[in-house]
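**Q** Next up is a structure, given as structure tokens.
The values are calculated or read from the model by the stated rules, or taken from the named source; none is laboratory data. The structure displayed is predicted, hence computed values, not measured ones. Cβ sites come from the backbone with ideal geometry, for glycine too, and all protein chains shown count toward neighbours. Keep in mind that these areas ignore ligands, DNA and RNA; they rest on the heavy atoms of the full protein, side chains included. Shrake-Rupley method; radii C 1.70, N 1.55, O 1.52, S 1.80 Å.
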Amino acid sequence: MGTPDLRIGVVGATGAVGTVTLQLLAERGFENVRAFASSRSAGKTVVYGDRELAVEEATPEAFASGNLDLCFFSVGTEASLELVPAAAAGGAVCIDKSDAFRLTEGVPLVVAGVNDEVLNGDEIVANPNCSAIQLACVLKPLSDAAGLAGVRLATYQSMSGAGDAGIERLRATQPMEADLAMDWDLEGDEFSEESKLRAETRKILGLPDVPIQATCVRVPVLVGHSQATWVETVEPLSPDEASELLAAAPHVRLAEFPTPKEAAGEDDVLVARIRQDLTDRRGLALWSVCDNLRKGAALNAVQIAEALLERRLLPA
Ligand SMILES: NC(=O)c1ccc[n+]([C@@H]2O[C@H](COP(=O)([O-])OP(=O)(O)OC[C@H]3O[C@@H](n4cnc5c(N)ncnc54)[C@H](OP(=O)(O)O)[C@@H]3O)[C@@H](O)[C@H]2O)c1
């Protein structure tokens, strides 16, 4: 249940992640919520439960006056770099979904249910990349039980991962003809998405050297990222033991053969096909699917806020 007096700002309220953030906050009964976006959207309205909120322009000045306790940012790197420090200086705890602060020393990078014990009254909390959240939820129980020697994965990422522009791109074409150009920067021989996945997963799990190799692609799917993952553990771990660990892990649910359609709208990471990797004595192969807009973004941020409230790190 939401805290009526907590003054919340949702910045990026007109976007793919912001829309889901508003839905989740309304479902939880938070009442004191304001919506912000760029000057393009100022004056428009967004749906909040059974009412509408007027969209305000997000400027550093709008956040400087100490009138918000908590801000969810889903505006992209450049805008976060400008707006988040202003809101933090204005006294709001900022949960940022861009990559602006994720690897900044001293800024916690948090997956609720995986490493929220690192929360400690910080002004800025970073929400990881959607694929890193999904991967960390799966790896954490296996890592705690048997150690991680290495991880390889292939991702099949939905178009909503590229925001409203990605959704529009898919809607405007026949799926078989969808423009699947990868929207990530190429850094050397890797996409930025692949290096983020490695660096962020290492930071979340507190394993700075664990080898992680990913190949990321977009697929013509609206919502839901899939991952085929091969995990090499330090100690032996059977598929049955791994299944038991994953069945008991927070925000993970075992499923038969989940598709993105099955995962869309679900809160948990769905995991299936946990089996021996026949190429590796200490290897497991598995499949997972996650709603990238929920646990991959908005839901994880709301769960971080709930963890902050539980620990009295936000005004109740
Ligand atoms: N989509 C995902 O699955 C996902 C997952 C994890 C993290 N993220 C991250 O979340 C952020 C937002 O993603 P999205 O998918 O929601 O993108 P999106 O659909 O393109 O929405 C972007 C939002 O940011 C606002 N915005 C853009 N520039 C702004 C500025 N200068 N000042 C204020 N508001 C501005 C937009 O407002 P206007 O409507 O006024 O332009 C819109 O509300 C990105 O950093 C992304 O990397 C996304």
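**Q** Quick one: among GLU200, GLU232, GLU27, which has the greatest mean-square fluctuation in a GNM of the chain with alpha-carbon springs under 10 angstrom?
**A** Fluctuation is largest for GLU27.
**Q** Expressed in nm to one decimal, what extension gain is obtained for the pair GLU256 and ASP50 from 0.36 nm per residue of sequence separation less their Cα-Cα distance? Before the final figure, lay out each step's value.
**A** On the way: separation 206, 0.36 × 206 = 74.16 nm, distance 3.61 nm.
Additional length available on full extension: 70.6 nm.
**Q** Also: With contacts defined as alpha carbon pairs under 8 Å and 6 or more residues apart, what's the relative contact order of the chain in percent? It would help to have the intermediate numbers written out before the result.
**A** Details: 703 pairs, mean separation 56.3, N = 316.
Relative contact order here is 18 percent.
**Q** Report the residue, chosen from ALA248, ALA301, ALA79, that carries the largest GNM mean-square fluctuation when the chain is represented by alpha-carbon nodes joined by springs under 10 Å.
**A** ALA248
**Q** Additional query: What number, in percent, do you get for the relative contact order of region 131-292 if the mean sequence gap of Cα pairs under 8 Å and at least 6 apart is divided by its residue count? Write out the running numbers ahead of the final one.
**A** Working: 322 pairs, mean separation 49.6, N = 162.
After rounding, I find 31 percent.
**Q** Give the residue list of GluC sites (Glu not before Pro) in region 74-125 that are DSSP loop and have at most 12 other beta-carbon atoms within 10 angstrom.
**A** Values: sites: GLU78, GLU82, GLU105, GLU117, GLU123; in loops: GLU105, GLU123.
For GluC sites (Glu not before Pro) across region 74-125 that sit outside H, G, I, E and B with at most 12 neighbouring Cβ atoms in 10 Å, the list reads GLU105.
**Q** Helix-only mean residue ellipticity at 222 nm, the chain, DSSP H runs n ≥ 4 weighted -39,500 (n - 2.57), per residue, nearest 500. What is it?
**A** Numbers: 8 runs with 90 residues, N = 316.
Roughly -8500 deg cm²/dmol at 222 nm, from the helical runs in the chain.
**Q** Calculate what fraction, in whole %, of the accessible area of the chain sits on carbon and sulfur atoms when a 1.4 Å probe is rolled over the protein chains. Spell out each step's value before the answer.
**A** Numbers: 6850 of 13650 Å².
Answer for the chain is 50 percent, counting heavy atoms of protein chains only.
**Q** May I pose another question? Just want to confirm a number: the relative contact order over region 69-156, from Cα pairs under 8 angstrom separated by 6+ residues, in percent. Could the numbers behind the result be given before it?
**A** Values: 117 pairs, mean separation 21.5, N = 88.
Relative CO of region 69-156 lands at 24 percent.
**Q** Show me 188-195, 280-287 ranked by packing, highest mean number of other Cβ atoms within 10 Å first. Walk me through the numbers on the way to the answer.
**A** Values: 188-195: 15.9, 280-287: 17.5.
Final packing ranking: 280-287, 188-195.
**Q** For the pair SER65/ASN120, report the inter-label distance in nm, with labels modelled 7 Å from Cα in the Cβ direction.
**A** With each label placed 7 Å out from Cα toward Cβ, I get 3.5 nm.
**Q** In terms of Cα to Cα distance under 26 Å, which lysines are near enough to LYS196, apart from those fewer than 8 places away along the same chain?
**A** In chain and number order, the partners are LYS97, LYS140, LYS261, LYS295.
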